[in-house]
1. Out of everything in the stretch 58-93 that is among the acidic types (D, E) and surrounded by 12 or more Cβ atoms within 10 Å (Cβ to Cβ), what residue ends up being farthest from M117 (Cα to Cα)?
2. For residues that are within 12 Å of the chain's Cα centre (by Cα) and touching a residue at least 40 places away in the same chain (Cβ under 8 Å), scanning just the stretch 26-54, find the one that is surrounded by the fewest Cβ atoms within 10 Å (Cβ to Cβ).
3. With the requirement that a residue be surrounded by 13 or more Cβ atoms within 10 Å (Cβ to Cβ) and either in a loop (DSSP other than H, G, I, E, B) or in contact (Cβ under 8 Å) with a residue 24 or more places away in the chain (or both), what does the stretch 94-110 give you?
4. Of all strands (runs of 3 or more DSSP E) completely enclosed by the stretch 36-86, which ones contain at least 2 residues that are under 20 Å from K110 (Cβ atoms)?
5. Does M1 satisfy the condition of being under 19 Å from P118 (Cα atoms), of a type in the set (A, V, I, L, M) and surrounded by fewer than 11 Cβ atoms within 10 Å (Cβ to Cβ)?
6. Between residues in the stretch 78-93 that are within 19 Å of V22 (Cβ to Cβ) and residues that are of a type in the set (F, W, Y), which pairs lie under 7 Å by C-beta distance while being six or more apart or on different chains?
7. So is K32 within 15 Å of L101 (Cα to Cα), in contact with an Asp or Glu (Cβ under 8 Å, 6 or more places away or on another chain) and not acidic (D, E) or not?
8. Is there a residue in the stretch 11-25 that is over 16 Å from K110 (Cα atoms), touching a residue at least 40 places away in the same chain (Cβ under 8 Å) and assigned to a strand (DSSP E or B)?
Amino acid sequence: MASYKQGETMTVYCKVNKPAFVRLLYKLENGKYTVLYENFVIGSASVNRQVEIDEFECTPPFGTESLIVQASKERFSPLKTVEVDGYYFLMTQDPTQVAKLLHTPGSALKTLTIVTMPK
């Protein structure tokens, strides 16, 4: 589990053991899921190395959140999203439906719990 205070920067790294497409979702404290990356490519030159994907600043809402990382050797089908203020939220916010969306045969799934808080 990781924790961040308002204004701090979280850097996301990923390490895979074969070339992969990586999908990142973030579950906010309010239960909403946002798509950060659909098909981030990690090529053969970066296998078994930490690859920096992006940096994110800790902003409200605060609480217990989750970073969901999914990797596959095949490109992911696009998720249905709606754009709100520059963020892409899943059309469905139902956790059971989200779990079904993420059930991709041959993919690996990892979830990291993150606690965010005001200064």
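Since every read-out is calculated from the coordinates, none of them should be taken as a lab result. Source: prediction; values computed, not measured. Cβ atoms come from the backbone with ideal geometry, glycine included; neighbour counts cover every protein chain shown.
1. Among residues in the stretch 58-93 that are among the acidic types (D, E) and surrounded by 12 or more Cβ atoms within 10 Å (Cβ to Cβ), the one farthest from M117 (Cα to Cα) is E74.
2. So, considering only residues that are within 12 Å of the chain's Cα centre (by Cα) and touching a residue at least 40 places away in the same chain (Cβ under 8 Å), the one surrounded by the fewest Cβ atoms within 10 Å (Cβ to Cβ) is D54.
3. Those that are surrounded by 13 or more Cβ atoms within 10 Å (Cβ to Cβ) and either in a loop (DSSP other than H, G, I, E, B) or in contact (Cβ under 8 Å) with a residue 24 or more places away in the chain (or both): V98, L102, T104, S107, A108, L109.
4. 51-57, 63-72
5. So M1 fits the description; yes.
6. T81/Y88; T81/F89; L90/Y33
7. For K32, the condition - within 15 Å of L101 (Cα to Cα), in contact with an Asp or Glu (Cβ under 8 Å, 6 or more places away or on another chain) and not acidic (D, E) - is not met.
8. yes
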